[in-house]
1. Return only the number of the condition from (1) open to solvent by 20 Å² or more (accessible area, probe 1.4 Å); (2) more than 10 Å from the ligand (Cβ to nearest atom) that A:Thr333 does not satisfy.
2. Tell me whether segment A:254-269 contains one or more residues that are more than 16 Å from the ligand (Cβ to nearest atom), aromatic (Phe, Trp, Tyr) and in contact (Cβ under 8 Å) with a residue 12 or more places away in the chain.
3. If I filter segment A:122-131 down to residues being crowded, with 20+ Cβ neighbours inside 10 Å and farther than 15 Å from B:Arg30 by Cα, which single residue comes out as nearest to the other protein chains (Cβ to nearest Cβ)?
4. Kindly establish whether A:Arg288 is surrounded by fewer than 20 Cβ atoms within 10 Å (Cβ to Cβ) and either closer than 30 Å to A:Ala154 by Cα or away from the ligand (no atom under 16 Å from the Cβ) (or both).
5. For segment B:25-40: of the residues being modelled with pLDDT under 90 and in a strand (DSSP E or B), which is farthest from the other protein chains (Cβ to nearest Cβ)?
6. Looking at A:Cys352 and the list (1) more than 14 Å from chain B (Cβ to nearest Cβ); (2) in a loop (DSSP other than H, G, I, E, B); (3) at pLDDT 85 or above, which single condition is not satisfied?
7. Being among the charged types (D, E, K, R) and modelled with pLDDT of 85 or more is true for just one of B:Asp88, B:Asp95, B:Asp45, B:Asp80. Which residue is that?
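The values are calculated or read from the model by the stated rules, or taken from the named source; none is laboratory data. Model, not experiment: these values are computed from the prediction. Cβ: placed from backbone, ideal geometry, glycine included. Neighbour counts: every protein chain shown. We work out accessible area using only protein heavy atoms, side chains counted, and drop any ligands, DNA or RNA first. Shrake-Rupley method; radii C 1.70, N 1.55, O 1.52, S 1.80 Å.
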Amino acid sequence: MKFLSEYRDADIAKALIARIKAEATRPWTLMEVCGGQTHTIVRQGLDELLDGAVEMIHGPGCPVCVTPLEQIDKALAIAARPDVIFTSFGDMLRVPGSDCDLQQIRARGGDVRIVYSPLDALALAQRTPDKEIVFFAVGFETTAPANAMAVWRARELGVRNFSVLVSHVTVPPAITAIMEAPDNRVQGFLAAGHVCAVMGWTEYEPLAEKYRIPIVVTGFEPVDILEGMLLAVRQLESGRHEVENQYVRSVRRDGTPAARTTVEKVFELGDRKWRGIGEIPMSGLRLRSEFSAYDAERKFGVADLAVDEPAECRAGDVLTGRLKPPKCGAFGTRCTPEHPLGALMVSAEGACAAYYHIGKYRTQETAGAAS
Amino acid sequence: MCLGIPGKVVELRDDNGLAMGVVDFGGVRRECCLAYVQDDVALGDYVIVHVGFAITKVDEAEARRTFEVLKEMGDTAELDWITQVATDSLAMGGDA
Ligand code: SF4
């Protein structure tokens, strides 16, 4: 319990762990689809504490990690143009493209800026009419309402020097892809509470039914995750397969309807490649044709760029649970958070980075105990 | 960018038809879009903000708890962006 001992809800967590172990009559395999949850699980050692009762497979739940290489390369090509100010959320700057990353483009003189909100990028466009402002619109359902509104407002305000490079992904098609994979081992899902806060969970209901799997909408704190696991284990033990909400405190079945409406006005579903996984049908959002004037791929002629993923990175195997990160040949050697080879090593929410950091904590702790 | 940050709505305003407001995130303040929650939210309420957009209203106890946990997890990268952006090149008339 050495990791949990630092957590102030440690007693509740311990009780939940004991319950899960008592109720699981066999080991169950669950997947969390939220990078924040991956971070908590690995950092708190929850998977080790539940050994024999629950195995957690870390799903493709980090938008930084699943943004396909070719979208990064398109970003790099656009950001290198002298007429462009390229804006992005901070965690995309170090995602490796084929040759370099956005940070290196900046070092070479490209104007690359971190924004907190896509509306910051739009405001920059209004203040800088002699430049093209491009925003890297990435993320799951949590960022889609913001990105949709920025495009909507740009049209409303008649801002013409603003465009978005869209690489949006949605969670339910990823669940389908994982369940349809021939060697799938996942028996239940923890869905991300904050994604459902936007979209609600009606889209999960047919999936739970079709694949006969429990899907538990879960928060990202240790106690949330343990509760989510317990609810999933209970369903599995009693042969149920329902969508259940552990994260009641801020999620409603229909999400945030105003946000969904704007997303649907600006974006439509389209096929999307996931880094390390490949193309998942209808798993992404793209701009509707009425908004094509705001499509950076068209504006800068990069729509047809296609590249292959580096063979050494085994992100696809990690994201589908076939491989734990430390088993990747490059892990911790040719691939580290300082020099990531694959996207899973970039953000704290990537499974490889989560394992790498906890490896460090553990070494430090052992060293501390020994001295 | 996935985990929303809880904050308190301390100012409300209308920007050409778009509901905006200032949200205080444990001392760091910035402007956020309130369009998606405007029917629910009044001055002094707590909201969860994703990349500058309030998505859900929460109560104060929940907001405080989530904020503390995010801090404990060291997962406040977005707060760093907020601070960075506030003082960085995006500030009006800032350097390029
Ligand atoms: S350790 Fe690096 S190279 Fe290996 S799968 Fe993870 S991100 Fe890819």
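1. A:Thr333 satisfies all of (1) open to solvent by 20 Å² or more (accessible area, probe 1.4 Å); (2) more than 10 Å from the ligand (Cβ to nearest atom) except (2).
2. Step one: filter segment A:254-269 for residues more than 16 Å from the ligand (Cβ to nearest atom), giving A:254-269.
Narrowing the set further to residues that are aromatic (Phe, Trp, Tyr) leaves A:267.
Now restrict to residues that are in contact (Cβ under 8 Å) with a residue 12 or more places away in the chain: A:267.
Yes.
3. Of all residues in segment A:122-131, those crowded, with 20+ Cβ neighbours inside 10 Å come to A:122-125.
Going one step further and asking which of them are farther than 15 Å from B:Arg30 by Cα, we end up with A:122, A:124-125.
Details: A:Leu122: 11, A:Leu124: 6, A:Ala125: 12 Å.
Ranking the qualifying residues of segment A:122-131, first place goes to A:Leu124.
4. Values: surrounded by fewer than 20 Cβ atoms within 10 Å (Cβ to Cβ): yes; either closer than 30 Å to A:Ala154 by Cα or away from the ligand (no atom under 16 Å from the Cβ) (or both): yes.
Answer is yes for this residue.
5. Checked segment B:25-40; the qualifying residue farthest from the other protein chains (Cβ to nearest Cβ) is B:Arg29.
6. Failing condition for A:Cys352: (2).
7. On the way: B:Asp88 fails: modelled with pLDDT of 85 or more; B:Asp95 fails: modelled with pLDDT of 85 or more; B:Asp80 fails: modelled with pLDDT of 85 or more.
The unique qualifying residue is B:Asp45.
Yes/no per residue for (1) open to solvent by less than 10 Å² (accessible area, probe 1.4 Å); (2) in contact with a helix residue (DSSP H, G or I) (Cβ under 6 Å, 6 or more places away or on another chain); (3) within 21 Å of A:Val307 (Cα to Cα):
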site	(1), (2), (3)
A:Val42	yes, yes, no
A:Ile57	yes, no, no
A:Pro63	yes, no, yes
A:Glu70	no, no, yes
A:Ala75	yes, no, yes
A:Leu93	yes, yes, yes
A:Gln103	no, no, yes
A:Arg106	no, no, no
